[in-house]
Amino acid sequence: MRFSAPTKRQALQERLALHLPEVLVTLAVDFISLPQHVCDASRGSLSATGCAALVQDALTPEIDTLFLAHNGMNAAVVSSLASVLDLVPPNLTQLDLSHNRMGPAGCQALARHLPQCASLTNLNLDHNGIGDEGAAALARVLPHTQVTHLSVQGNNMTQIDSLLRVTSLRSLNAGHNQLGDDGFSGFIPLGLSHLDVSYNRIGSVGGYNWANALHHNTSVTHLNLGGNELRSLSFWNLACALLYSRVSHLDVSGNGLDDQDVGFLAAVLIRTRISHLNLSKNRVGWRGTSVLCECLPDTRLTHLNLSQNRIEEYVWTLAAGIPHSSLTHVDLSRNRLSPRTVVKLAEALADPRTKVQSLNLSSISLGRVPLERLVESLVHHPRVKHLDLSDNDINVVGVQYVVKLLEEHPGLHSLNLSFNDFGERGLSQVSKTLVSHRNLKSLNMSHNDMNDAHVLALAVAWPQMTQLTNLDLSGNKLGSDAVTMCAWTRNLAHSRLTDLNLNSNHICDVGAWALKDVLPHTMVQKLGLSFNNMSEIAVNHLLETLPDSYVTHLDVSDNLDFVSYIHPSWKETFLHELAYGYRRDDLYNPATFEILNTAYRPMTWYETWSEAWYLASFYASRLVRGLKRLWFGGNTPGCRSTRIID
């Protein structure tokens, strides 16, 4: 949107002058209206005037999504926003007001004006404290709108009946509230397909009501009841209701379900449509697992999650049912699987009838013998494309089997080996073996005490590893040898890497300079460099290479100094996301923008200064073509950030 009429430009200048420093007004008018489809003004601190000005003047007709989350907007600010909803772009379909402080009064004010947004289909009001009064106000007005997807997580609601009477809704997320047994009377409208009431207080009586509602509903396909108190008789009633429903994705994690509960669910699974089942974070032991796996061949299950349960003893049926089932994704992480169970699982994977493509065995304390048998089976089962063996204390003895897996399983696409204990010799073996793997697309070697020599051994083969695009080397010891580090960074120019994570290493200034020279010659789009002891000077020089690179997401936060830098040349980059800021805890000093050639006066954080700082970052960042996310500050408590999406 360009302001062709002088009167329009003058009106905009007068409006912005109410909440922006004078030096920013001209820049704001010039750069506020670059072509865009999504406007993300989250994580600021807008006043009523600033919010209204943003909606009236910053939004172009092309915009279809508006994010105003994390702005601390109270009822007065939301009322000001609601009063100008008739001026929003005609194509606006998504509005995100989550993580504010609108309360019941703000929600009621918003509800009164919602019908003016004729094209709005997605509304997010998570964590606003709207309570039952706000929910009732929404329920009265939603039938007169086009809203089909509503999210009201974390709003201290005790009742959900009013919202479930809105027959136009297709998706409702009411998780993390206070819905108890009396918060639902037993009616789910036809047409609602996605329903999330996770992490509430639904117990025995509430479980019966939900079961009765599902018995008479044939539209819900995705149901999330995780984090409640469904067990025993209430869960059994729910399981029976699944026989008459169309639910295909069921999440009952974190309900304290035991072997008896899962056994009853297994008895009805055969006659249901469920293909995705999440039973994680329960108390399922070997008996429940045995009964469940015995019925696997007769079910439609393709995704099964049993992580963080109590599967400790020998469960032979766990493996016996897999070859005869339709399972493609299996998650058994964070259990204490016995060695015999892992051996039987390995035998099942070797069966040519097995369809498993993704296997998560993270944190199961793999021993030498189970690991050996598992690798032997995987070598003969090329269907497994994604494997997670992280946090298994694989030492120098077990690393030989990892090496064998890499040598003899050419079909592996994704491998997670983070948080292990390979040792110096083991890391050298793995690095050298990875050289011969041509089909690996994603590799996670984080937190393994890798040094520059190990990475250099891997970097030599980057020209031949034409499929490798994602590499995570965070939490290691890279940068301890400056000469070797410079050698492997030069090899980045010969790789196909697009996502490189180097966070939490010792890259320092030497590494920043080395990356500065090679980045323009790489295909890297996402680069993580936080917590690397880099100075402001080194980071600034690194940022100057952005116009010549393909980098779209860059994280240089939490280094030695605050980087107060917005370079004019960034408007010629492909940058979508930038994170930079403090490593120290002093996050309340005024930021300075070099491009604005001005310094701000320290003001009260939660009043004038906060809004001026936020809006300044919003308008200044419009200089960067395509910038989606601009983060100020690092990963320390109290961090402020701004997201601008083009």
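Tabulated results
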| item | result |
| --- | --- |
| Any hit, segment 307-314, residues being more than 20 Å from Asp261 (Cα to Cα), out of contact with any Pro (no Cβ under 8 Å at 6 or more places or on another chain) and surrounded by 19 or more Cβ atoms within 10 Å (Cβ to Cβ) | no |
| Thr484 being crowded, with 21+ Cβ neighbours inside 10 Å and in a helix (DSSP H, G or I) | no |
| Any hit, segment 527-535, residues being outside any helix (DSSP H, G or I) and surrounded by fewer than 18 Cβ atoms within 10 Å (Cβ to Cβ) | yes |
| Members of segment 512-526 that are over 20 Å from Pro463 (Cβ atoms) and either in contact with a helix residue (DSSP H, G or I) (Cβ under 9 Å, 6 or more places away or on another chain) or part of a helix (DSSP H, G or I) (or both) | Ala512, Trp513, Lys516 |
| Residues of segment 497-526 classified as hydroxyl-bearing (Ser, Thr, Tyr) and either buried (at least 22 other Cβ atoms within 10 Å of the Cβ) or closer than 18 Å to Thr469 by Cα (or both), total | 2 |
| Residue that is least open to solvent (accessible area, probe 1.4 Å) [pool: residues in segment 388-406 that are touching a strand residue (DSSP E or B) at 6+ places or on another chain (Cβ under 8 Å) and either free of Cβ contacts under 8 Å to residues at least 12 places away in the same chain or over 20 Å from Lys432 (Cβ atoms) (or both)] | Ser390 |
| Ala538 being assigned to a helix (DSSP H, G or I), at pLDDT 90 or above and either in contact with a helix residue (DSSP H, G or I) (Cβ under 8 Å, 6 or more places away or on another chain) or farther than 22 Å from Asn451 by Cα (or both) | no |
| Segment 132-176, residues that are out of contact with any helix residue (DSSP H, G or I) (no Cβ under 9 Å at 6 or more places or on another chain) and open to solvent by less than 10 Å² (accessible area, probe 1.4 Å) | Gly175 |
| Test: Pro370 is surrounded by 20 or more Cβ atoms within 10 Å (Cβ to Cβ) and out of contact with any Leu (no Cβ under 7 Å at 6 or more places or on another chain) | yes |
| Selection from segment 94-108 of residues that are open to solvent by 10 Å² or more (accessible area, probe 1.4 Å) and assigned to a strand (DSSP E or B) | Gln94, Asp96 |
| Residue identified as farther than 20 Å from Arg287 by Cβ, at pLDDT 85 or above and outside any helix (DSSP H, G or I) among Leu349, Leu378, Leu387, Leu374 | Leu387 |
| Check on Leu179, surrounded by fewer than 17 Cβ atoms within 10 Å (Cβ to Cβ) and either modelled with pLDDT under 95 or more than 20 Å from His149 (Cα to Cα) (or both) | no |
| Segment 264-281 residues that are farther than 17 Å from Leu306 by Cβ, paired with ones that are of a type in the set (Lys, Arg) (beta carbon under 7 Å, 6 or more apart) | Arg273/Arg246; Arg273/Arg300 |
| Selection status of Trp462, open to solvent by less than 10 Å² (accessible area, probe 1.4 Å) and touching a His at 6+ places or on another chain (Cβ under 6 Å) | yes |
| Residue identified as modelled with pLDDT of 85 or more, within 24 Å of Gly367 (Cβ to Cβ) and aliphatic (A, V, I, L, M) among Leu468, Leu405, Leu456 | Leu405 |
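Yes or no, residue by residue, for (1) modelled with pLDDT of 90 or more; (2) assigned to a loop (DSSP other than H, G, I, E, B); (3) out of contact with any helix residue (DSSP H, G or I) (no Cβ under 6 Å at 6 or more places or on another chain); (4) open to solvent by less than 10 Å² (accessible area, probe 1.4 Å):
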| position | (1), (2), (3), (4) |
| --- | --- |
| Leu415 | yes, no, yes, yes |
| Ser418 | yes, yes, yes, yes |
| Asp421 | no, yes, yes, no |
| Glu424 | no, no, yes, no |
| Leu427 | no, no, no, yes |
| Lys432 | no, no, no, no |
| Arg438 | no, yes, yes, no |
| Leu443 | yes, no, yes, yes |
| His447 | yes, yes, yes, no |
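Let's see how each residue does on (1) closer than 21 Å to Met450 by Cβ; (2) modelled with pLDDT of 80 or more:
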| residue | (1), (2) |
| --- | --- |
| Leu478 | yes, yes |
| Ala487 | yes, yes |
| His494 | yes, yes |
| Asp499 | yes, yes |
| Leu519 | no, yes |
| Met523 | no, yes |
| Lys526 | yes, yes |
| Phe531 | yes, yes |
| Tyr580 | no, no |
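The values are calculated or read from the model by the stated rules, or taken from the named source; none is laboratory data. What you see is a predicted model; the values in this text were computed from it and never measured. Virtual Cβ from ideal backbone geometry, glycine too; neighbours counted across all protein chains shown. With ligands, DNA and RNA removed, areas are computed over all heavy atoms of the protein, side chains included. Shrake-Rupley method; radii C 1.70, N 1.55, O 1.52, S 1.80 Å.
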